[in-house]
Structure formats: structure tokens, C-alpha cells
Amino acid sequence: MKPRFATYGIIEHPDLGDDIFDDVVVTYFPTPNSATGEDVVEISLHGGAYLQQTLLEVLSRQDNVRLATPGEFTLRAFLNGKMDLSSAEAVAEAIHAQDAVAHRQSQRHLHGNLRSYVSQLKQDLLKIVSFIEAELDFSDQEIDMVSPKQHLVQIESLATRAQNLLDTYFYGQRLVEGFRVPLIGAPNTGKSSIFNVLQGYNRAIVTDVAGTTRDTIEALISIAGHTVVLVDTAGVRESKNKIEVLGVDRTRQELERADIVLSVQSTDIPPEDFNTGNDVPVIRILNKSDLGQPGEKMQPDIGATISCVTGEGFDGLRQKLAETILGMRRKTSEGLIITSQRQAETLRRFVGACKGAVAAINNAAGPEYVASDLRNGLTILGEITGEATPDDILGEIFGSFCIGK
Ligand SMILES: Nc1nc2c(ncn2[C@@H]2O[C@H](COP(=O)(O)OP(=O)(O)O)[C@@H](O)[C@H]2O)c(=O)[nH]1
Ligand SMILES: [Mg+2]
């Protein structure tokens, strides 16, 4: 077959006799110019699960043929030097991306922007290490070398650059998993009704019997290109009913996990007190504006006044939510955001190694101690791009892919 040319063919099935199984287009990519770097043949057949499954099943009956394990194609591409580890992880990010912003980010990683950021850190660190080690090598000779102290500022700036990237992880994680936004408030303030309007169709049960929502219900909605996990809760009021108490417990757990809280009061029911984690933004909603002016004991600083009956104020509420989410956005000046826990942990260890070196210098420890911390930092950076990544970590990364990627 002519390399990289689409060739028409037919597939016969052993069980079908003279009948044709499917018309296909086959493309041959000889090594090394293929996705994995190996010889690759791609068969395009007509869509549909039956055709695909049957063909895979027939092919698997041949000797030396088996299905790929999850992530195996990307693993092979990585092992054959076709992509670095941060790009390989970006393939998984692209597969799992639920919205526009997460997808754009995975594309940046896929095309190596993260790798260049880390490579630059590595090069700068290598320069410093070589200087310090050169001094160690020549310390018994009469050569004037720079003392590690001279490198203090540079090492600190490396730590800051790594920290800046690490600081994007909180936002990056939410890009992938969505922002968790519970509706909290007294029974009958309209939490379930708001949940339904925001979601666009009636899913939660709405009644005027207090305590109807006994469990938490989630819905994914999109706000300014970000995924939001909207959570309808039972509220935080004390209750004697067993099932309702369980729901209230769930509400407390939701408050602990919340990224943004929608605190609901209505013109006829005052707000309830609740505690959130540190620095969690709270948007105060006043519902049932159609019933007229609010009664007494209402909280100030209302972020959105709405009515689930007339639909008034929901654009403003969505806008407020969008502003709050965009206010939580973090990226490096290069526009990078990390989304992988592995990368975050590795960067954290790298910052630790830099700080170790800084402490060694400040305590006037010998240059060999400083050099050892910095060498350690070099190895850690290598783990991000995959030059020094242990096999079990590789297994974990590629195991998270779906089959056939
Ligand atoms: N007039 C009016 N009634 C509302 C509004 N939103 C909800 N309700 C009513 O308030 C009651 C309680 O609503 P629900 O969503 O179940 O409140 P929850 O207990 O906080 O989940 C129901 O009878 C709703 O129809 C609103 O904007 N205006
Ligand atoms: Mg409810």
C-alpha cells in the first residue's frame, strides 16, 4: 500500500459467505511517521457500534492480534519519543474536557507549552548547579569562584516561577471537574425552583411542604464556558425527621466542599446562618420578587433579586456567577494552567527542593548541600516531562485513558 494514501477496500466476514461485511478506507502509516512512531494501519468503516465491535472481534481472533489497553497508543507514542509526558497527559485532559475552556487548555498542553515552561526552569537550574559544582571541583585550587550565596536570588526566582504555575492548580482542577455550587437556605425559600430554572427543565421536586428536598441533587450547567456542578440541598435547618436529618448532614458536607455558595432567602422567608470554608465566595439571592417588598430581618448585600415565577433577575444571577468564576481564574503570564494532581504534587516538591537549597545557603551549609538539593530539583522537574518517571506512575497516568487512545 502507498504510505499515507487512503485506499478503498472491502471486508469479508467468515460467517457471511459471499456477502460483503463493509466497504472501508484503509491508510498505512509506516514507521517513524505515525502517531505512535510504529507501523500503523487505520481502517475507517461505516459508523455504528455493531460494525466496529464485530470487526474488532474478528481481528482479535487472528494470531498476534489483541485489543489495545487503555492509553496504550499514547503510551507507545511517549515511549517512542513522539511526545513528552505533559503532552500525553493533555490527551487525557482533551478526552475528559467537558467545556470550551478546559478543552482550550488541554490543547495548549498538548502542543508542548507546559513542556517549554518546565524546560526553561530546568535549563536555568542546570546553569546554577553547574556553577556550584564547578566550585566544588576546583575548591582546592586558587580559582576565584562565585559562592552559592550569589545564586540566592536566582534560586528564589526559580521557586517563584514554579509556585506561579502551581497556584493555577486550584482553578485548573475546577476546569476539569467543574465548580461546585450548592444552593443553601431555609426551607421554602425556593432553592429547588431556582435549581430547576438554572438547569432549564424541571428535575427537582418542588412543593410547599417544608423539607421536600431530603437529599442533594446535582446538575451540570455551563457558565461563561465553565462547567458548574449546581447542587440542590435540603437546607441547614434542625430537624427531628430521620431522613431529613440525613439530608441536612449532606448539606453540611456540601458547604465544606463548595467553591461558591448561593445563599437563598425570599421576600417571605429570612435567611439562615451557615458556615463555609475559608474564602468561599457567597452570592446572596433574594427570591420571590413577584410577591413584593421583602419582610424584615433580610440580609444586606443582595447579589441578585429574582423570581422563579416571572423569571426576573436570572440573567443578573448568571452574570454574577460568571463574574465570581472569572474572578477565581488563575494562569501564568504565558497563559498556562495545570490540571493534573501529579503535576501539582511534583511542582510542590520542586518548590520544596528550592527552599531547601535557600535554607542551606542561609545557614551557611557547605556548597555540596546546596548542590544536592538543586540536583534533586532537577530530577523532580524531569518527572513532569517524563525523563525520569518511575514505571508505576506511568501505569497510573496511561491507565486513566479510555481504550483505543
Ligand atoms: N411566588 C413565588 N413562589 C415561589 C418562587 N419560587 C418558589 N416559589 C414557591 O415556594 C415554594 C417552595 O419552593 P421550593 O423550590 O420547593 O423551595 P425549597 O424548599 O427552598 O427547595 C413552592 O410552593 C414554590 O412554588 C417565586 O419566585 N415566587
Ligand atoms: Mg427543595
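Points to keep in mind about this one:
- Qualifying positions in the range 95-110 - aliphatic (A, V, I, L, M) and surrounded by 16 or more Cβ atoms within 10 Å (Cβ to Cβ): ALA97, VAL101, ALA102, LEU110
- The one condition in (1) closer than 23 Å to GLY313 by Cβ; (2) surrounded by 14 or more Cβ atoms within 10 Å (Cβ to Cβ); (3) at pLDDT 80 or above; (4) not basic (Lys, Arg) that LEU255 fails to fulfil: (1)
Every residue, every condition in (1) over 26 Å from the mean Cα position of the chain (by Cα); (2) β-branched (Val, Ile, Thr); (3) open to solvent by 20 Å² or more (accessible area, probe 1.4 Å); (4) at pLDDT 85 or above, yes or no:
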{"position": "PRO300", "(1), (2), (3), (4)": "yes, no, yes, no"}
{"position": "THR305", "(1), (2), (3), (4)": "yes, yes, yes, yes"}
{"position": "LEU326", "(1), (2), (3), (4)": "no, no, yes, yes"}
{"position": "LYS331", "(1), (2), (3), (4)": "no, no, yes, no"}
{"position": "ARG349", "(1), (2), (3), (4)": "no, no, yes, yes"}
{"position": "ALA357", "(1), (2), (3), (4)": "yes, no, no, yes"}
{"position": "ILE361", "(1), (2), (3), (4)": "yes, yes, no, yes"}
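- Single unsatisfied condition, ILE338 versus (1) in a loop (DSSP other than H, G, I, E, B); (2) without any contact (Cβ under 8 Å) to a residue 60 or more places away in the chain; (3) crowded, with 21+ Cβ neighbours inside 10 Å: (2)
- Residue in the range 136-143 that is modelled with pLDDT under 80, open to solvent by 30 Å² or more (accessible area, probe 1.4 Å) and not in a loop (DSSP other than H, G, I, E, B) present: yes
- Residue among VAL41, VAL65, VAL26 that alone is exposed (fewer than 11 other Cβ atoms within 10 Å of the Cβ) and among the β-branched types (Val, Ile, Thr): VAL65
- Taking first residues from the range 1-13 that are over 8 Å from THR27 (Cα atoms) and partners that are in a loop (DSSP other than H, G, I, E, B), the Cβ contacts under 8 Å between residues at least 6 apart in sequence or on separate chains come to ILE11/LEU45; HIS13/ASP19.
- Flag for GLY47 being surrounded by 10 or more Cβ atoms within 10 Å (Cβ to Cβ) and either touching a residue at least 24 places away in the same chain (Cβ under 8 Å) or out of contact with any helix residue (DSSP H, G or I) (no Cβ under 7 Å at 6 or more places or on another chain) (or both): no
- Residues that are open to solvent by less than 50 Å² (accessible area, probe 1.4 Å) and assigned to a strand (DSSP E or B), drawn from the range 8-23: GLY9, ILE11, PHE21, ASP22
- Put simply, of LEU230, LEU246, LEU220, LEU198 the only residue that is modelled with pLDDT of 65 or more and surrounded by fewer than 18 Cβ atoms within 10 Å (Cβ to Cβ) is LEU220.
The values are calculated or read from the model by the stated rules, or taken from the named source; none is laboratory data. In this text the structure is predicted, and so the values were computed from the model without any measurement. Neighbour counts are summed over all protein chains in view; Cβ atoms, including those assigned to glycine, are modelled from backbone coordinates with ideal geometry. Calculation scope for accessible area: heavy atoms of the full protein, side chains included, ligands and nucleic acids excluded. Shrake-Rupley method; radii C 1.70, N 1.55, O 1.52, S 1.80 Å.
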